[in-house]
Amino acid sequence: MNAVALPAQGRSRLQLILLALLFVAPVVGAWVAWKFAVSEGVGGTTNSGQLVQPPRPLQAAPWLDGEGQALPVDLLTGRWSYVLLGGDDCDVLCVERLHLTRQIRTSVNKDMSRVQRLLLLTRQPADLAMLRAEHPDLVVAVLDAGHWQTFVNQFAVASDAPEQAFYLVDPLGNLMMRYLPEVPAKGVLKDLRKLLKASQVG
């Protein structure tokens, strides 16, 4: 009887191991991507972003789209996300970042679907139609004043205001990289290509 039971036990054990690997693989993949970025020097030059060490899990927020409809709470998971903190309005610097991140996303070609851009505001934009025309892939998210500061405080990694930079969030929802306004497009693109190549997550 043991000779019959053992193969069944072995199959069950193998199935459990494979099931566990399915859950663990995304976490391991993101960790490998982050370690790859560190070892390869992402953030080590003035041409790239500054690593947030360790990556900081971002809390979900009750955001709405530009028309007041609820957005998914897991908006920042599943893909690499560039987050721009626009505040009350998207000013000149914000517009420059929108064009920069659009250029970066377009430049990764076949991997575009793995990258999204999120513009976070405190009120619905008056120029939503123009935003959609110029940036059809852009996700516009609105947070009321009560939730804005709590969410934005998660991005504070230096003494300056979080709104002075833009950010890269990994597919598990971890804040992992910060970009100052003067960072060149070439450096941002180099960082992103390394991460997309190293990670199978998102």
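Put in order of Cβ neighbour count within 10 Å, fewest first, the listed residues Glu163, Glu96, Glu182, Glu67 become Glu182, Glu67, Glu96, Glu163. Summing +1 for each Lys or Arg and -1 for each Asp or Glu among the other residues whose beta-carbon sits under 12 angstrom from that of Ala145 gives -1.
For segment 73-202, the Cβ-based charge dipole about the Cα centre amounts to some 800 debye (Lys, Arg positive; Asp, Glu negative; other atoms uncharged). For segment 135-151, the Karplus equation 6.51 cos²θ - 1.76 cosθ + 1.60, evaluated at θ = phi - 60°, returns couplings of 9, x, 8, 6, 9, 9, 10, 10, 10, 6, 4, x, 9, 4, 5, 4, 5 Hz by residue, with Gly and Pro reported as x. Across segment 51-62, computed HN-Hα scalar couplings (Karplus, 6.51 cos²θ - 1.76 cosθ + 1.60, θ = phi - 60°) run 5, 8, 10, x, x, 10, x, 8, 6, 5, 9, x Hz from first to last residue, x flagging Gly and Pro.
I need the calculated FRET efficiency for the pair Lys197 and Val73, taking r as the beta carbon distance and R₀ as 45 Å, to the nearest 0.05. Step by step, r from the Cβ atoms, then E = 0.95. Ordering Pro125, Val188, Leu168 by the projection of their Cα atoms onto the charge dipole of segment 101-196, which places +1 on the Cβ of Lys and Arg and -1 on the Cβ of Asp and Glu, puts Val188 at the extreme positive end. For a straight C-alpha distance cut-off of 15 angstrom, the aspartates and glutamates reachable from Lys194 (same-chain residues fewer than eight places away being disregarded) are Glu40, Asp111, Asp170. Charge tally for Gln124 (other residues, Cβ to Cβ under 14 Å; Lys, Arg +1; Asp, Glu -1): -4.
None of the figures in this text is laboratory data; all of them are computed from the coordinates on show. Fair warning: this is a prediction, and the values are worked out from it, not measured in the lab. Don't worry about glycine lacking a Cβ; one is built from the backbone with ideal geometry, like all the others, and counts go over all protein chains shown.
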